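Peer 1: Structure below; questions to follow.
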Amino acid sequence: MTDDDVRDLLGAWALDAVDDVERKAVERLIRDDPEAAAEARALRDTVTRLAVSDAAAPPAALRAQVLAAVESTRQLEPSAGHTHGSESPPARRRSKTLRLLAAAAILIGIAVPSGIAVLQAQRAEQAEQQVELLAEALSEPGATLVRADVSGGGKAAMVTGGDTVLLALSGLPELSGQDYQLWVIQDDVPVSAGVLHPKDGLLTRELTDVPATAALALTIEPTGGSTQPTTDPLVVLGP
Amino acid sequence: MPEFSPETPAGGERRAAAGRARARVGPACGALRDTGTVSNQGPGLRGTTPGATTGSRDQLGVLMQRAAAGDQDAFATIYDATAPVVHGVARRVLRDPDLAAEVTQEVMLEAWRTASRFDGARGSVMAWLTTMTRRRAVDRVRSEQSHRDRDERVAAGDFRRPFDEVAETAERRAEVLDVHRCLDSLTDLQRDAVVTAFYGGQTYREVAQSRGASLPTVKSRIRDGLNRLRRCLDGMQSP
């Protein structure tokens, strides 16, 4: 995507009507381009005003329930890399060599299983964006890559770095009447990280606040997902 | 013009609006002023520059930092100021009061749990919560029912909603009226794209598909539509 393509996405980004790859691309533009950042900010504020105009009081009893639950809900510690400042972290500087290396590794491993020439244009574009995103994540200092086959078909790769985990899936078979669901497993306790909707078998998802010792697992669940896994994982990616 | 129910504001004794400042600050701060709890919050809450809500130093942002440090009272104030907006968005997307209440509870707890991840440099508390709410509500829609038959119901002309449970102040009525008037100033196609993406929980790709339009066309409709909405709201001088 060129910068202008990404710029055109600012409105959809402000509505959060973009996918993870596009969101990442827009946020990169915002980081690098003050004009885009100003527009992004203004558009998101506009969307917020739209939301505010819809305000509707929740049931009165909810307040006490939430505040009671708050008492027993542990909060996330501020993460080490997290700042409240406005400076971009220096880790953003990307090494071209590393990017290319990473892209090559990923290309061999997952993103383009059957030759890019036969892919439809859009799918090729998605694969390319996926590679770009993974390459960027891999170029963060201390980033690690874990890869595995998905039983039933497809490949999975996980890049961890800082408190962000990037998951890329490719070649996943289409499901009907069921959904792929992602789990973060820590100390043998799975917590849902949401239902996944791969496009043409491809999906990239960024997860934040994943503990360093946690693993990711993918299962097939009834449409809409389950509160606990009901099938054996197709793949588990762990540190 | 939409019809608005003529009920008098509940609570009767609400303080007068702080002039045009409310247009920028929105009901969040109106609610903050109106809750009657503000006197417990110490001097930091008053006298903050109007308009700062969208900045990194807004009142809610400061409260969120306190909440991140475990301050439950600060969080209670955040709840009072933001839960109606969270609930309103959830209800628009889900169209089911019970589910909307559940999502409201989930989002508020998530906000408490992840308060340390809120970054005022990246947007306002209200924007953060709005995005979180829409995402959760959309996930819930997907798990509750098939996505496709909702399309019809989120019709473009459907953005108007009569005033209801939210205790309406004169300033809030004016703000809502502004938003409705400004939505009316969009072209039908722009409004359709914005409303379908936001409340229909669709990505711009899905909007393009359902409307039989190209991706660049829909991207532009959304971006241009939101920019027009923003300019309109900035220029609004309603009494």
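The values are calculated or read from the model by the stated rules, or taken from the named source; none is laboratory data. No experiment lies behind these values; they were computed from the predicted model shown. Note that we place each Cβ from the backbone using ideal geometry, even for glycine, and neighbour counts take in every protein chain shown. Accessible surface is based on the protein model in full, side chains and every heavy atom, while ligands, DNA and RNA are left aside. Shrake-Rupley method; radii C 1.70, N 1.55, O 1.52, S 1.80 Å.
Peer 1: With all protein chains present and a 1.4 Å probe, how do B:135, B:91 order by accessible area, largest first? Don't jump to the answer; show the numbers that get you there.
Peer 2: Numbers: B:135 105, B:91 50 Å².
If we order B:135, B:91 from most to least accessible, we get B:135, B:91.
Peer 1: Taking a probe of 1.4 angstrom, what is the accessible area of residue A:180 in Å², to the nearest 10?
Peer 2: Rounded to the nearest 10, that gives 10 Å².
Peer 1: Right, something else. Return the Rg/Rh value of region A:3-50, two decimal places, where both radii are evaluated on C-alpha atoms and Rh is the Kirkwood radius.
Peer 2: 0.94
Peer 1: Distance from the Cα centre of region B:85-130 to that of region A:1-50, in angstrom?
Peer 2: 20 Å
Peer 1: Rg(Cα) of region B:165-239 divided by 2.2 N^0.38 Å?
Peer 2: 1.25
Peer 1: Determine the order of A:18, A:191 by accessible area, beginning with the largest, at a probe radius of 1.4 Å.
Peer 2: A:191, A:18
Peer 1: Of A:236, A:66, which has the most accessible area with a 1.4 Å probe, and how do the rest follow in descending order?
Peer 2: Greatest to least solvent exposure: A:236, A:66.
Peer 1: Using the Cα atoms as the points, what is the convex hull volume per residue of region A:139-237 in Å³?
Peer 2: Value for region A:139-237: 89 Å³ per residue.
Peer 1: Return the tail of the calculated pair distribution for region A:187-239, meaning the percent of Cα-Cα pairs more than 15 Å apart. Provide the component values of the computation, followed by the final result.
Peer 2: Details: 702 of 1378 pairs.
Of all Cα-Cα pairs in region A:187-239, 51 percent lie more than 15 Å apart.
Peer 1: May I pose another question? For a quick check of understanding: with a 1.4 angstrom probe and all protein chains in place, what accessible area in square angstrom does residue A:218 have, to the nearest ten?
Peer 2: Approximately 0 Å² of residue A:218 is accessible to the 1.4 Å probe.
Peer 1: Then there's this: From largest to smallest, what semi-axes in whole angstrom does region B:55-155 give when each is the square root of 5 times an eigenvalue of its alpha carbon gyration tensor? Before the final figure, lay out each step's value.
Peer 2: Numbers: eigenvalues 152, 33, 23 Å².
Ellipsoid half-lengths, sorted descending, are 28, 13, 11 Å.
Peer 1: What average count of beta carbons from other chains do you get within 10 Å of the Cβ of residues in B:131-138?
Peer 2: Mean partner shielding for this stretch: 2.
Peer 1: Taking the Cα centroid of region B:164-216 and of region A:158-217, what is the distance between the two, rounded to the nearest whole Å?
Peer 2: If you average the Cα positions of each part, the centres end up 31 Å apart.
Peer 1: Treat each spin label as a single point 7 Å out from the Cα along the C-beta direction, and report the residue A:3 to residue A:178 distance in nm.
Peer 2: Going from the residue A:3 label point to the residue A:178 one covers 4.7 nm.
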